[in-house]
Amino acid sequence: MVSLCCFNELNLGIIICMKVQIIKDGNGSDAGVFIPMSDWEIIKAEYPEIQTEEMPIPDWQKEIVLKRVAEIQKNPQILRPIEDFFDDNENVLNEL
């Protein structure tokens with residue numbers, strides 16, 4: 001779904017409009033927003049600090065990834081093509 005998003009910039013009488021795409025999850029709930037690159041460039045120019053915004057990865061998440069990588073290195077045969085995953089899920093859905 002594409003929406004026209006308009007907002008008043010700091011109540012200065014400047015109205016900024018952009019076309020955004022609302023991304024839905026499997027349940028149809030709003031899950032994210034796609035912003036066209038041209039609009040993203042305008043936002044970055046107006047708010048340069050947005051590019052330096054950092055969110056550190058928590059140690060517990062790093063530990064999970066490192067554990068999974070170690071398991072894959074020990075047993076590379078546990079990896080399967082993504083197509084298998086989609087096929088399995090499609091089969092389950094068809095059984096419902």
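Scoring Glu41 on the criteria (1) part of a helix (DSSP H, G or I); (2) more than 30 Å from Cys17 (Cα to Cα) leaves a single failure, condition (2).
From Ile72, Ile50, which residue is of a type in the set (Val, Ile, Thr) and at pLDDT 85 or above? Full working, then the answer.
Details: Ile50 fails: at pLDDT 85 or above.
Just one listed residue meets the conditions, Ile72.
Screening the candidates Glu41, Glu83 for the property of being loosely packed, with under 10 Cβ neighbours inside 10 Å and charged (D, E, K, R) yields one hit, Glu83. The residues on offer are Met1, Met18, and the sole one that is at pLDDT below 80 and surrounded by 10 or more Cβ atoms within 10 Å (Cβ to Cβ) is Met18.
The values are calculated or read from the model by the stated rules, or taken from the named source; none is laboratory data. Computed from a predicted model, the values in this text were never measured in an experiment. Cβ sites come from the backbone with ideal geometry, for glycine too, and all protein chains shown count toward neighbours.
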